[in-house]
Every structure is written in C-alpha cells, then in structure tokens.
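Here the structure is laid out as structure tokens; the discussion comes afterwards.
The values are calculated or read from the model by the stated rules, or taken from the named source; none is laboratory data. Quantities reported herein were computed from a predicted structural model and do not represent experimental measurements. Please note: Cβ atoms are built from the backbone with ideal geometry, for glycine as well, and neighbour counts cover all protein chains shown. Ligands, DNA and RNA are excluded from the accessible area calculation, which covers all protein heavy atoms including side chains. Shrake-Rupley method; radii C 1.70, N 1.55, O 1.52, S 1.80 Å.
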Amino acid sequence: MAVNDLSSWRAEFPIVDTCTYLVSHSLGAMPRRTATYLQEFAATWSSRGVRAWHEGWWEIGRDTGNLLAPVLGVAPNSISMHQNVTVAQAIVASCFSFDGPRRRIVMSDLEFPSNHYLFEGFRRYGAEIVYVPAPDAMRLDLQQFLDAIDERTALVPLSLVLFKSAAITDARAVIEKAHRVGAHVILDVYQAAGTVPMALAEWKTDFAVGGSVKWLCGGPGAGYLYVRPDLAGRLQPSLVGWAAHASPFDFATGPIRYAASPERFQSGTPNVPSLYSARAGYEIVAEIGVPAIRERSLALTRRIIDRAASAGYRLNTPLDDRERGGSVILDVPDASTVADGLIQRGVIVDYRPGAGIRMAPHFYNTEAEIDHAMDILSELVSGR
Ligand SMILES: Cc1ncc(COP(=O)(O)O)c(C=O)c1O
C-alpha cells in the first residue's frame, strides 16, 4: 500500500459505495460510527433521563472541543461548541464595543456572505465596516488587505481558505499586522479544518471559528469557537446565557459572573445530539492526521487540475499546491446545468454562481473516481 493510500477508510463511509462523492467542501460523508454514537445519545436519554446532564452531557462542549484541539493545533480546553459559525462570530463580536476610535471591522469582499450579514448588523452599535475589494474572485491582494488594517481596526474576520476559490490566505501575515496595531483577527477555518494543516496557537490566532459539516465529517449543529487562552480571561461576551456562568446551578439573577474559558463563551444548553454526531468525524480526522489527508488531497486535486487543464476548462482555483485548499473550482459553458447533469449521473458536486463547479475530493476518494468524474464531465460538456 502506498504511504498516502487511505482507501481502507472507504469502508467507514457508506455513501462512497453508492455514488462518486466529491462534495466534502459542502457536506462531508457520514462515518459509519456516527450512527453508533447517535444511538448512544438516544440510549442515554432513554435510560438515564435527566441524570445524563451530570453524567457527561453538561461537559460535552468542552470534551468535544478537546477532540478537535489537535486538528486545529491548539491547547485543550480552549474551544467552545456552538450551533454554527454565525453564532460563534456573534459571540466574539459581542466582546467588543464599537463606539470609540477603534470601531472598524475590516474584511474582504470574498468572505462567506454570513460574515458580511452579521457584521453589517453591528453598524447599529457604531461599527464601521471596511470592505477590501479583491482584484478578482480568486484571491486577496495581501498588501492592500494589510494596509487596510490600522489603529482604527477592532476586528478582522478572515477565511483561512476562501469558499469560492479554495485559495489559502496568508493568515499569519494578517495576524502579525493586526497585532502590531492592536486589532484582533477572527479566523474562519471552516473550509480548511480537516484538510489543510494548521497551527492556530503557534500563529497566535486570537479567535477561530468553523463548523463540522464539511471536511470534518461531523454533521450539522457543531460549530466551534477557539479563543487564545491568554486573551480569553479578559473578555466579557454580552451574548451569553446561563451555561457561561461560573455557577450555573445557583441560578443567580442579575449580571453574570463569568465562568473560566471555554465555558464563558457558551450561551445556553449545549447542542447535545449534534455533538454526539460530530465525534466520529473528529476522531477519524485526528487518527489519520491532517498532514496525511493533505498529501492525499493534493494528489487528487492535482489530478482534477491536470485533466481540466488538458480539456481547456477554466480553473478558478490557485494552481500552486501551496495556495490551494481541498477543492477545485472549474468553469465550463452552462456550468450550472452541467453540475446538475453530473449529479444526475451520480457524480456529486456543487455549483456556485460567479465561481463554477466545485469538486472536493477527501481521503476516502480514489484516482479512479476522479477519472470517472472527469470523463462524465467531458461527455456533458461535449453534449454527449
Ligand atoms: C468559510 C465559511 N464560513 C462560514 C460558513 C457558514 O457557516 P455557518 O452556516 O456554520 O454559519 C461557510 C459555509 O459554507 C463557509 O464556507
């Protein structure tokens, strides 16, 4: 078996026997083990009832975050779990005020739309939103982006991998610049976690947010928030609930007395079934190791790129391996219809306006599947 042959993992992902599953940037395949864990949730609820809260459910956010810590390259007990990225970002934003001279939120126009929608809403609290226009739909102009961050900047939300092009951004350079002028970076690692190695603690990342639906194969409802440990104790989120209280079962009213991190960033009751659902994917990604997944991913994305280039398709993804995440975005005439045709023929991909067809192989895909997908694509493009 080749060093990076991870095909034995295919048996753990039932969907790969039914179609050519190339959409892990959107919804990663469900591990077989997830059904066992969800059964365990149901059995616990059914047999233990309310006692389950004190037999693991109350701490499930911290425990689940700890499973994820090695994947993100952060210390244990620094991740809290939330419903999704939007909620996690809102909790971060609620730690800051925007009515003084440092009121700017600087971001690229290539960010995922939720980031725009959420931070736009903070204008009512005094925030000034600065969009840094990208030169094209592929990547940021790094220098222009760095120049936009100054002493007036409070927050810099930035995706580590851009959702439309899969370009990897230079997060370290942005964090360094932000720190030089006293700003904080919220790194959205959703399109990277589980396929691109990262060392968030080493990079001195202030905040990181993401979800589990994509490369982590963890299903919906398991968003996460990492907060730099030396920063966490100083922050006081206003978007909090009783699970963030130091003694939640005192049911004290009035102002909150914050728990230590990561619980101080919690809102209310943990999203227990989603956290059972997320566990299997985290375990598998951590067991294989992101560097091995990355090596495999690059071999497969390169294969797509070579086939696409020789067919003359337009590639809206960086061609240099060092700049590309786990997906390839390619454009062909009438791409939306072609994407539908691929799906009808069992090649599961997606289409994004202004980008094209997104193909995302993961560790459970094979070269033969890439060749099959590209053969069908070529038939559809040539009208056969
Ligand atoms: C980079 C990125 N950020 C955020 C989101 C949305 O996250 P959520 O639905 O968890 O708020 C997505 C979803 O595709 C994404 O790709």
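Things worth noting here:
- Solvent-accessible area, 1.4 Å probe, carbon plus sulfur percent, for segment 8-59: 59
- Measuring r between the beta carbons of residue 231 and residue 343 and using R0 = 45 Å, the FRET efficiency lands at 0.55.
- For the chain, hydrophobic long helices are taken as DSSP H runs at least 15 Å long by C-alpha position along their axis with mean Kyte-Doolittle hydropathy of -0.5 or more; these are 60-72, 272-288, 290-311, 367-381.
- Charge context of residue 264, other residues only, Cβ under 13 angstrom, K/R +1, D/E -1: +2
- A cut-off of 5 Å between modelled amide H atoms, ignoring neighbours fewer than 5 places along the same chain, links residue 350 with 358.
- Local electrostatic count at residue 141 - Lys and Arg +1, Asp and Glu -1, tallied over other residues with Cβ under 13 Å: -3
- Considering only alpha-carbon pairs that sit under 8 angstrom and 6 or more positions apart, the relative contact order computed for the chain is 23 percent.
- Charge tally for residue 280 (other residues, Cβ to Cβ under 12 Å; Lys, Arg +1; Asp, Glu -1): -1.
- Separation between Cα centres of segment 328-355 and segment 1-76, rounded to whole Å: 29
- Taking every protein chain into account, the 1.4 Å probe leaves residue 41 with about 30 Å² of accessible area, to the nearest ten.
- Contour minus Cα-Cα distance for residue 173 and residue 42 (0.36 nm per residue): 42.6 nm
- Largest accessible area first, the residues 146, 27, 68 order themselves as 27, 146, 68 under a 1.4 Å probe with ligands, DNA and RNA left out.
- Heavy atoms of residue 170: accessible area, 1.4 Å probe, square angstrom to 10: 70
- Within the chain, helix-based [θ] at 222 nm, where runs of 4 or more DSSP H residues each add -39,500 (n - 2.57), nearest 500: -10500 deg cm²/dmol
- What a 1.4 Å probe finds exposed on segment 98-209 is 52% carbon and sulfur by accessible area, rounded to a whole percent.
- Modelled FRET efficiency - R0 56 Å, residue 375 with residue 180, Cβ distances, 0.05 increments: 0.65
- Counting only lysines at least 8 places from residue 214 when in the same chain, those with an alpha carbon closer than 17 Å to its own are 164.
- The GluC sites (Glu not before Pro) of segment 123-206 that meet both conditions, a loop assignment by DSSP and at most 14 other Cβ atoms within 10 Å of the site Cβ, are 151, 202.
- Bridging of residue 177 to lysines at a Cα separation below 21 Å is possible for 204, once same-chain residues fewer than 8 apart are set aside.
- Close amide H partners of residue 186, meaning residues 5 or more places away or on another chain with modelled amide H under 5 Å apart, are 156, 158.
- Burial ranking of peptide ranges 366-372, 267-273, 89-95, 28-34 (average Cβ count within 10 Å, highest at the top): 89-95, 28-34, 267-273, 366-372
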